[in-house]
1. Restrict the check to segment 16-35 and report whether at least one residue is modelled with pLDDT under 70, of a type in the set (Gly, Ala, Ser) and assigned to a helix (DSSP H, G or I).
2. Looking at the structure I just gave you, is residue 58 at pLDDT below 95 and assigned to a loop (DSSP other than H, G, I, E, B)?
3. Let me confirm something: among 206, 230, which residue is within 56 Å of the chain's Cα centre (by Cα) and loosely packed, with under 12 Cβ neighbours inside 10 Å?
4. Kindly indicate which of 211, 263, 272 is of a type outside the set (Gly, Ala, Ser), surrounded by 14 or more Cβ atoms within 10 Å (Cβ to Cβ) and modelled with pLDDT of 80 or more.
5. Condition first: touching a residue at least 24 places away in the same chain (Cβ under 8 Å) and not in a loop (DSSP other than H, G, I, E, B). Now tell me which residues in segment 113-143 satisfy that.
Amino acid sequence: MVAMNASNLDSSQHEPRKVETNPEMDDFRCSINELSTKVDNLEQRVKDVEKFYLNTITELPNSSKSTSTGKDKDMDKHIPSVKRLQQEASRREAAAAKRMHELMRQFGTIFRQITQHKWAWPFMQPVDVEGLGLDDYYEIIERPMDFSTIKNQMEVKDGTGYKHVREIYADVRLVFKNAMKYNDEKSDVHAMAKALLEKFEEKWLQFLPKVSEEEKRREEEEKEAKLRMQLAQEASHAKMARGLHNELCEVDMRLEELRGIVVKRCRKMSNVDKRKLGVALSKLSPEDLTKALEIVAQDDPSFSASSLNIDLDMDTQSESTLWRLKFFVKDALEVQCKSPSKGEKNDATDKNAAANPNNIAPLKRKGEICDALAKCTKRRNKKPAS
């Protein structure tokens, strides 16, 4: 038995193995992660823009719809920002509230004339339901009202009072309507309420044009403000869309650079692999074959993927095209394997061809393309492997 000296053991058995790092691969992974994050962010911003324009098309009437054209870029410069329009809206609302406050102050003259009438005394204070023994009052009158309550509401200055002169008008009418509803027509209170209501309505009709003018002005201002806000939002989103377009172009350029780096790092495809790729291409469905030929056309502008007679020479394709074809074909064939069997497909194809003669042309084209690929493969099989 040979004695083993512990000191002669490989020290690597006791020390943790150091993981070798590749700076280039680390940089590559970092670039991929940055692009993934940027793409996620861009995707969310694109969804926001799409959502805005979808809502715009749904909500606005046909006369208000607008589309972004080349002229819009120049118009954007003259459209106020959303923030500025919001500030203008606040000032406009404050001015409108001030004008309405002036109308309510003028209406106060009419209110005083009515309340100072010799017949107004029954309506000055809330009805003393318990003192007068009016047990059914709240069953008949849903919303009691009186002049003192209206006056107090008109004098409130903390923002909880009347906002519109029509609110005061409605409450004054309610005072008289309640009295006429609860009291018999032959009673003095009913007659007094009816007479005062007629006087009040006459004065209101004289005052009404001022109210209508203010309401029309406010409606036009709000309509114009809404349109300007819509234009500002469209300009903002159009600017965002243009920015997204530029950023997406930058991402595409960066992806092309990374793809070039990957291609340089990949090994060159052997003749055997090229022949296998040619055979695999012949097994693709017509749709997948068209997509595969489009991949070739992307790197070779002179290549026509739509012609009937195609001779695809694998030896003339770039390494980038070959590897892209290889990965595409691999995925496409895996999907085909999960689809219905070839016999079932042929039966369905024959039935479709019989029902629709127009389907024969694509099948014929696929057959010619597959024949061309097979010929290329046969010619390469005759060449000695390099």
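1. Within segment 16-35, not a single residue is modelled with pLDDT under 70, of a type in the set (Gly, Ala, Ser) and assigned to a helix (DSSP H, G or I).
2. Judged against the criteria, residue 58 is not a match.
3. The unique qualifying residue is 206.
4. 211
5. Listed by number, the residues that qualify are 113, 114, 115, 122, 123, 137, 140.
Every residue, every condition in (1) outside any helix (DSSP H, G or I); (2) over 22 Å from residue 212 (Cα atoms); (3) among the hydroxyl-bearing types (Ser, Thr, Tyr); (4) at pLDDT 95 or above, yes or no:
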| site | (1), (2), (3), (4) |
| --- | --- |
| 92 | no, no, no, no |
| 97 | no, no, no, no |
| 111 | no, no, no, yes |
| 145 | yes, yes, no, yes |
| 167 | no, no, no, yes |
| 172 | no, no, no, yes |
| 186 | yes, yes, no, no |
| 191 | no, yes, no, yes |
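The values are calculated or read from the model by the stated rules, or taken from the named source; none is laboratory data. Please read all numbers here as calculations on a predicted model, not as lab measurements. Here Cβ is always computed from backbone atoms with ideal geometry, including for glycine, and neighbour counts include all displayed protein chains.
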